[in-house]
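This report concerns only the one structure given below.
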Amino acid sequence: MGGGKNKPELIVDGKRTDGRAFDELRPIKIEAGVLKNAEGSAYLEWGNNKVLAAVYGPKEAQPKHIADPDRAIIKCRYQMAPFSSLEEHNRSGPNRRAIEISKVTKEVFENVILLDNFPGSEIDIFVEVLQSDGGTRAAGITAAAVAVASSGIPMRDIPYAVSAGKAGDQIILDLNKIEDNYSDADMPVAIAPRNNDILLLQMDGSLSKEQVSKAMEMIQKAGETVTKLQRDALEARYR
Ligand code: CDP
């Protein structure tokens, strides 16, 4: 996000930098159950993003004092591999951005996993970004949802996430990195598709009320495609 002097044109002749229409998703591929040692896992490619998600548990919460006697707790770690982009440096420990994305991802799953079924336990969700090109939190949540479903941990719904934003006056779906860097707004959203509950809504930049509605409309329409890909991946693995 932002601008600067050398801001590239994000829309030329009604097309985006990568040739997509305003409401077009990047190509998405999902595979479920890719890791032998994890209870659940998924590998997802979303445009040039490549993301691996792994789920462990439910198991006894450790250390014991963090356990909740009434329900499971979720631990979530989002991380970008040091080779995932030219920007990420191989510093030890998570940076502020990774801590934030881990937190919002955890909150998504706290609202869909049936935590009451597993008192005193913990469920660990890992999201590893192997290659990044904008929209990795949405890709990570979408992959983690397939990983949780593939673990058999009960959820009320399988969430997905997509972002939408604004370039000039135009609302655009699923921003890639260059769009993310130079757009006027970026709004990642996670949704439980069955009743369209909003599980995450962040905003970088600003949008009018009408623009938010338009962005939400695009996101929910795209959600039909993403949800189908998630379900197809699970079916292909567990049929
Ligand atoms: O990935 P997402 O759009 O959810 O998060 P962001 O903070 O808006 O970052 C946008 C993009 O910038 C990421 O997808 C990466 O491609 C890139 N980025 C990076 O390469 N290294 C970082 N430390 C932060 C962001």
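The values are calculated or read from the model by the stated rules, or taken from the named source; none is laboratory data. Only a predicted model underlies this, so the values are computations on that prediction, with no experimental measurement involved. Please note: Cβ atoms are built from the backbone with ideal geometry, for glycine as well, and neighbour counts cover all protein chains shown. These accessible areas exclude ligands, DNA and RNA; they are computed on the full protein's heavy atoms, side chains included. Shrake-Rupley method; radii C 1.70, N 1.55, O 1.52, S 1.80 Å.
Below 8 Å between Cα atoms, with a sequence gap of 6+, how large is the relative contact order for the chain in percent? Could the numbers behind the result be given before it?
Numbers: 528 pairs, mean separation 56.7, N = 239.
Relative contact order of the chain: 24 percent.
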Long-range amide H contacts for ALA164: which residues qualify at under 5 Å (H placed 1.01 Å from N, peptide plane, sequence gap of 5 or more or a different chain)? ASP174, MET187, VAL189
Calculated FRET efficiency, ALA81 and SER206, Cβ-Cβ r, R0 30 Å, to nearest 0.05? 0.40
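Would you tally the net charge around ASN111, using a Cβ to Cβ cut-off of less than 9 Å, leaving ASN111 out, and scoring K and R as +1, D and E as -1? Before the final figure, lay out the partial values.
Values: positive: ARG156; negative: GLU107, GLU110, ASP197.
That sum, taken over residues with Cβ under 9 Å, equals -2.
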Net charge near LEU35, counting Lys/Arg +1 and Asp/Glu -1 over other residues with Cβ under 14 Å of its Cβ? -2
With springs connecting C-alpha atoms under 10 Å apart, model the chain as a Gaussian network and identify which of VAL34, VAL148, VAL127 has the largest mean-square fluctuation. VAL34
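Taking the Cα centre of the chain as origin, sum charge times position over the Cβ atoms of Lys and Arg (+1) and Asp and Glu (-1), and report the length of that vector in debye to the nearest 20. Walk me through the numbers before you get to the answer.
On the way: 31 positive and 35 negative charges, 72 e Å.
The calculated dipole for the chain is roughly 340 debye.
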Among THR17, THR105, THR136, which one shows the biggest mean-square fluctuation in a GNM of the chain, springs joining Cα atoms closer than 10 Å? THR17
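Using the Cα centre of the stretch 161-209 as the reference point, and only Cβ charges (+1 on K/R, -1 on D/E), how large is the resulting charge dipole? Debye, rounded to the nearest 20. Provide the component values of the computation, followed by the final result.
Working: 4 positive and 8 negative charges, 38 e Å.
Here the stretch 161-209 has a charge dipole of around 180 debye.
Net charge within 15 Å of ALA54 by Cβ-Cβ distance, Lys/Arg positive one each and Asp/Glu negative one each, not counting ALA54 itself? Intermediate results must be reported in sequence, preceding the final value.
Details: positive: LYS36, LYS50, LYS59, LYS75, ARG77, LYS106, ARG237; negative: GLU31, GLU39, GLU122, ASP124, GLU128.
Here the charged neighbours net out to +2.
Rounded to the nearest percent, how much of the accessible area of the stretch 11-237 (1.4 Å probe, protein heavy atoms only) is carbon and sulfur? Walk me through the numbers before you get to the answer.
Details: 5290 of 10720 Å².
Using a 1.4 Å probe with all protein chains present, the stretch 11-237 comes out at 49 percent carbon and sulfur.
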Quick check: from the Cα gyration tensor, does the stretch 160-232 come out rounded (a/c under 1.5), prolate or oblate? prolate
What residues have an amide H closer than 5 Å to that of ARG26, excluding those fewer than 5 places away on the same chain, when H is modeled at 1.01 Å from N in the peptide plane? none
Scalar couplings 3J(HN,Hα) for the stretch 132-140 by Karplus 6.51 cos²θ - 1.76 cosθ + 1.60 (θ = phi - 60°), nearest whole Hz, x for Gly and Pro, are 10, 8, x, x, 6, 5, 5, 4, x
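Once you charge only the Cβ atoms, +1 for Lys and Arg and -1 for Asp and Glu, what is the size of the charge dipole of the stretch 8-72 about its Cα centre, to the nearest 20 debye?
Values: 10 positive and 11 negative charges, 43 e Å.
Roughly 200 debye for the stretch 8-72.
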Any idea what diffusion coefficient the chain gets from Stokes-Einstein, in µm²/s, Kirkwood Rh on alpha carbon pairs, 25 °C, 0.890 mPa s? 135
Which one, ILE171, THR142, ASN6, projects farthest toward the positive side of the charge dipole computed for the chain from Cβ point charges (K/R +1, D/E -1)? THR142
